[in-house]
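The values are calculated or read from the model by the stated rules, or taken from the named source; none is laboratory data. These numbers come from a predicted model, not from an experiment. For neighbour counting, all protein chains shown are included, and Cβ atoms are generated from backbone atoms with ideal geometry for every residue, glycine included.
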Amino acid sequence: MRELAAQAEIAHKLKPELIEWRADFFSTPTTTSLVEAACLIRETAPTEPIIFTLRAKNEGGAQEIPQSERRVLIEAVLRSSTIDLVDLELANDEEFLHSMMQVAKQYAIPVILAFHDFERTGDDDFLLSKIESMRSHAASIGKIAVMPQSHEDVLRLLHVTARARTLYPTLPLITMAMGALGSITRTAGFLFGSDMSFALGQSGSAPGQIPMEDARKLTEMLLRYS
């Protein structure tokens with residue numbers, strides 16, 4: 001808990017628009033420990049909205065947690081009234097997604113539905129189909145993170161983002177290409193329709209994340225001249 005409090009304090013001092021808590025990195029994920037940790041983060045960072053993420057192992061999670069256990073853990077935190085948004089994987093089975101989204105709706109917590117591919121970037125139609133699925137599942141925010149193998153992949157992701165903004169104008173979107181090759185999408189994605197990005201506070205949770213101060217400066221410069 002001491003390390004978590006220290007990281008939350010660092011994040012709070014950086015004055016971010018939001019803080020994501022990757023609870024899958026927590027060493028003892030029980031309902032009691034996660035709710036206590038959520039309360040601690042809320043106390044340490046009282047002004048920033050908190051995204052709660054208990055990432056599945058097959059989509060980049062830090063540890064393997066049985067799906068039945070993940071359900072109980074996520075639901076406990078949703079019911080604790082300590083978080084502001086929850087991030088769920090689109091790849092979860094329908095029953096799991098429906099159950100979790102109903103609980104989130106009960107407590108008025110917006111849901112980010114996320115798709116990750118740490119190996120490749122799918123074609124345009126595939127990526128757009130994922131965004132359409134997020135919309136049809138009533139996501140509050142759609143999120144796509146893919147691994148580019150070329151500069152062309154990065155450009156395609158930005159193109160898909162711009163198309164999705166036209167096709168689904170009411171669905172907030174977060175899109176990014178991971179790794180060093182895709183770093184430009186983390187600071188310039190908003191020019192193509194991505195509404196949010198992730199930056200480093202103290203330690204990263206995905207390849208290619210940029211330290212927050214650098215990301216803020218780059219984005220502010222682009223905003224100034226765009």
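Annotations for the structure displayed:
- Long-range neighbours under 7 Å by Cβ, at least six apart or interchain, first residue in the same structural domain as residue 199 (by TED's automatic domain parsing) and closer than 25 Å to residue 220 by Cα within segment 1-20, second of a type in the set (Val, Ile, Thr) and in a helix (DSSP H, G or I): none
- Subset of segment 11-30 that is in a helix (DSSP H, G or I) and closer than 26 Å to residue 59 by Cβ - its residue that is modelled with the lowest pLDDT: 11
- Unmet requirement for residue 116, which otherwise passes all of (1) under 18 Å from residue 138 (Cβ atoms); (2) assigned by TED's automatic domain parsing to the domain that holds residue 128: (1)
- Enumeration of residues in segment 31-61 that are under 13 Å from residue 74 (Cβ atoms) and part of a loop (DSSP other than H, G, I, E, B): 54, 55, 56, 61
- Residue within segment 181-194 that is of a type in the set (Lys, Arg) and modelled with pLDDT of 95 or more present: no
- Comparison of 218, 157, 200, 223 shows that the only residue that is farther than 30 Å from residue 13 by Cα and either buried (at least 19 other Cβ atoms within 10 Å of the Cβ) or in the same structural domain as residue 115 (by TED's automatic domain parsing) (or both) is 157.
Residue by residue, here is whether (1) out of contact with any strand residue (DSSP E or B) (no Cβ under 6 Å at 6 or more places or on another chain); (2) in the same structural domain as residue 8 (by TED's automatic domain parsing); (3) not in a helix (DSSP H, G or I) holds:
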site	(1), (2), (3)
65	yes, yes, yes
68	yes, yes, no
76	yes, yes, no
83	no, yes, yes
95	yes, no, no
98	yes, no, no
102	yes, no, no
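- Set 5, 76, 108, 62: member being over 25 Å from residue 134 (Cβ atoms) and either surrounded by fewer than 20 Cβ atoms within 10 Å (Cβ to Cβ) or modelled with pLDDT under 95 (or both): 5
- Verdict on residue 113 being buried (at least 17 other Cβ atoms within 10 Å of the Cβ) and assigned to a helix (DSSP H, G or I): no
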